[in-house]
Number of protein chains: 2
Amino acid sequence: MTYRLPTLNTLRAFEAAARHLSFKTAATELGVTAGAISQQVKKLEISLGVAMFRRLPHGLLLTPEGEAYLPRISQVFEDLTAATEAIAPTINSKKFNVGICSKAAEILPPNWPKNRDSLKDYVRDSVCTNDIEMVWNNEIDCLVRLAGGPYGKLTSLTIPASSIGKFTPPALHFICKPGLADCRQTKAILHDLEAHTSLSI
Amino acid sequence: MTYRLPTLNTLRAFEAAARHLSFKTAATELGVTAGAISQQVKKLEISLGVAMFRRLPHGLLLTPEGEAYLPRISQVFEDLTAATEAIAPTINSKKFNVGICSKAAEILPPNWPKNRDSLKDYVRDSVCTNDIEMVWNNEIDCLVRLAGGPYGKLTSLTIPASSIGKFTPPALHFICKPGLADCRQTKAILHDLEAHTSLSI
DNA sequence: TCGGGAGACTCAGTAATTCTATCCCTGTAG
DNA sequence: CTACAGGGATAGAATTACTGAGTCTCCCGA
């Protein structure tokens, strides 16, 4: 099974240029110079022996071949993106697997975080554990525990606990890889945790 | 519209390796060394943060992610190949546009070559012309005419004409780009033309 | 138990590709 | 007439991919 495939680079250049009908705009979108787009498109056209664009004095037009090619290439890109997203979600679309140590679980409501509607877009599953290693090897994305560290290169975020009368409940710690410290999921979970450390006991 | 796309190279390496469950065989298929496949696959795995293969002592296995990714990538490759083939047929699958000069048309049967069943897989259309330029700019793939040349860098093939009694019918010439001189379509058309130059008049 | 072979991994050096930066050209607008 | 916008070409720099050689592990047969 051997495929006849133009290089992806030339296709990206073509797809962007065809969508914008402008090499310059395409270049901006792809973060390169217009010359690079021009080269890539020309390379594609030569390798296929087919002109994709009509270079008119006042702008670009697609040839019939380019017109036919564009939607199919866009579709291929979408499929490829979807396939890739399916097995390797980008940070922003992925749901967290949350680890919770047993002591933290006592403080939090039973079945947290699964019972929280506000977290249902951010949490896939939760597991009772106290094992930092599981963060490193991606079995869980974050770990909620009582102990404050040190955690080396992992990020540890402290959830402030407000005193209730003379009693200050124990602070919780949210441990995750540095790359996940600022993302939507982390913020949502932290926000939810704060509500509990202010209310519980 | 900005897509998140791994490089095509890494995907090709992955796809071939996953199909064969062997870097070495994949390397042979793609005409590179096994080291190159290894590097490309690793690059893909790192960029996605997902292992595609389990490297076992006795061979390769796909991880669940790799298992899920493979069919979708293969499908993308097929779509891409089909899209490309549609607008830029490979020499072997393309049908010729045939040019025929008016003098040659007098010798050949009316409506040749469209009326020939044996050519219907090789000829898309025909047009009456005597303009060599149309071969150069791909408006037609070949030109059938009486004049023998010279044609410079174009290939000119002579269709032998057999005498009938004292009369020798004029020889026909088949002019095409050098790259098309040896392909199936040319052979089929030449073969058909020979029949006519031996029978006509 | 000891080679020998197969196949994957690593790394340094080299080859190939791609990008940038620049200049040119054309057409349009002021 | 001049300025500007955008595409085309090109040389050189930067990046990326490939090769080739050496290493390792496992398996197999003697």
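In square angstrom, what is the accessible area per residue of segment B:96-199 with a 1.4 angstrom probe? Could you put the intermediate results ahead of the total?
Values: 5450 Å² over 104 residues.
Here the residues of segment B:96-199 average 52 Å² of exposed surface.
Quick one: net charge around A:THR90, please, counting Lys, Arg +1 and Asp, Glu -1 for every other residue with C-beta under 13 Å from its C-beta. Mind showing how you got there, number by number?
Details: positive: A:LYS94, A:LYS95, A:ARG184, B:ARG4; negative: A:GLU85.
Net local charge, A:THR90 excluded: +3.
So in the protein assembly as shown, what percent of DSSP beta bridges are antiparallel if you round to the nearest 5? Let's see the in-between values first.
Details: 28 of 44 bridges.
Around 65 percent antiparallel, to the nearest 5.
Given springs between every Cα pair under 10 Å in a Gaussian network model of chain A, which of A:GLY179, A:GLY99, A:GLY59 has the largest fluctuation?
A:GLY59
Helix B:34-48 versus the longest principal axis of chain B: what angle, 0 to 90°, nearest 10, using Cα atoms?
That helix lies at roughly 70 degrees to the long axis.
Determine by what factor the alpha-carbon radius of gyration of segment A:66-128 differs from 2.2 N^0.38 Å, reporting the quotient. Write down the numbers at each step before the final one.
On the way: Rg = 19.1 Å, N = 63, 2.2 N^0.38 = 10.6 Å.
Segment A:66-128 yields a ratio of 1.80.
Any idea of the accessible area per residue across segment B:1-65, 1.4 Å probe, to the nearest Å²?
Values: 3430 Å² over 65 residues.
On a per-residue basis, 53 Å².
Which value, in debye to the nearest 20, describes the size of the charge dipole of the protein assembly as shown about its Cα centre when Lys and Arg Cβ atoms bear +1, Asp and Glu Cβ atoms bear -1, and nothing else is charged?
Values: 44 positive and 38 negative charges, 106 e Å.
I would put it at about 500 debye.
Shortest first, in nm, what separates the label point of B:ARG72 from those of the same position in the other copies (7 Å along Cα→Cβ)?
2.3
Kindly provide the helix-only [θ] at 222 nm of chain A, computed as the sum of -39,500 (n - 2.57) over DSSP H runs of four or more divided by all residues, to the nearest 500 deg cm²/dmol?
Details: 7 runs with 86 residues, N = 201.
Value at 222 nm, helices only: -13500 deg cm²/dmol.
Among the listed pairs A:LYS120/B:LYS42; A:LYS120/A:LYS187; B:LYS94/B:LYS114; A:LYS120/B:LYS43, give every one whose C-alpha distance is greater than 22 Å. Spell out each step's value before the answer.
Numbers: A:LYS120/B:LYS42 34 Å; A:LYS120/A:LYS187 13 Å; B:LYS94/B:LYS114 16 Å; A:LYS120/B:LYS43 33 Å.
From A:LYS120/B:LYS42; A:LYS120/A:LYS187; B:LYS94/B:LYS114; A:LYS120/B:LYS43, over 22 Å: A:LYS120/B:LYS42; A:LYS120/B:LYS43.
For the protein assembly as shown, which whole percent of the accessible surface, found with a 1.4 angstrom probe, sits on carbon and sulfur atoms?
Numbers: 11370 of 20710 Å².
Summing carbon and sulfur atoms, their accessible area is 55 percent of the total for the protein assembly as shown.
If you fit an axis through the alpha-carbon atoms of helix A:64-87 and take the longest principal axis of the Cα set of chain A, what angle between them do you get, 0 to 90°, nearest 10?
Rounded to the nearest ten degrees, it is 20.
With no solvent and one equal point scatterer placed on each C-alpha of chain B, evaluate the Debye formula and give log10 I(q)/I(0) for q = 0.10 Å⁻¹, two decimals.
Relative scattering, expressed as log10 I(q)/I(0), comes to -0.62.
Rounded to two decimals, what is the ratio between the C-alpha radius of gyration of the protein assembly as shown and 2.2 N^0.38 Å? Don't jump to the answer; show the numbers that get you there.
Numbers: Rg = 32.6 Å, N = 402, 2.2 N^0.38 = 21.5 Å.
It is 1.52.
What total accessible surface area, summed over both chains, is buried at the interface between chains B and A, computed with a 1.4 Å probe and given in Å² to the nearest 100? Write out the running numbers ahead of the final one.
Values: alone 12010 and 11990 Å², together 20710 Å².
So the buried area, both faces added, is about 3300 Å².
Which translational diffusion coefficient, to the nearest whole µm²/s, is obtained for segment A:1-119 from the Stokes-Einstein equation, given a Kirkwood hydrodynamic radius over C-alpha pairs, 20 °C and 1.002 mPa s?
Values: Rh = 17.7 Å.
The Stokes-Einstein estimate is 121 µm²/s.
Do you know which residues of segment B:1-48 lose at least 50 square angstrom of accessible area in the protein assembly compared with their chain on its own, with a 1.4 angstrom probe?
At a threshold of 50 Å² (probe 1.4 Å), the residues of segment B:1-48 that become less exposed are B:MET1, B:TYR3, B:ARG4, B:LEU5, B:LEU8, B:ARG12.
Lys and Arg at +1, Asp and Glu at -1: add these up for the other residues within a Cβ distance under 15 Å of A:ALA188 and post the number.
On the way: positive: A:LYS94, A:LYS95, A:LYS114, A:ARG116, A:LYS120, A:ARG124, A:ARG184, A:LYS187; negative: A:ASP117, A:ASP121, A:ASP141, A:ASP182, A:ASP192, A:GLU194.
Local charge sum for A:ALA188: +2.
For chain A, find the longest principal axis of its Cα atoms and tell me its angle to the long axis of helix A:184-199, 0 to 90°, nearest 10.
20
The values are calculated or read from the model by the stated rules, or taken from the named source; none is laboratory data. It should be emphasised that the depicted structure is a prediction, and the values quoted were computed from it without experimental measurement. As a convention, Cβ positions derive from the backbone with ideal geometry for all residues, glycine included, and neighbour counts pool all protein chains shown. To get the accessible areas, we keep the full protein, side chains included, count just its heavy atoms, and leave off ligands, DNA and RNA. Shrake-Rupley method; radii C 1.70, N 1.55, O 1.52, S 1.80 Å.
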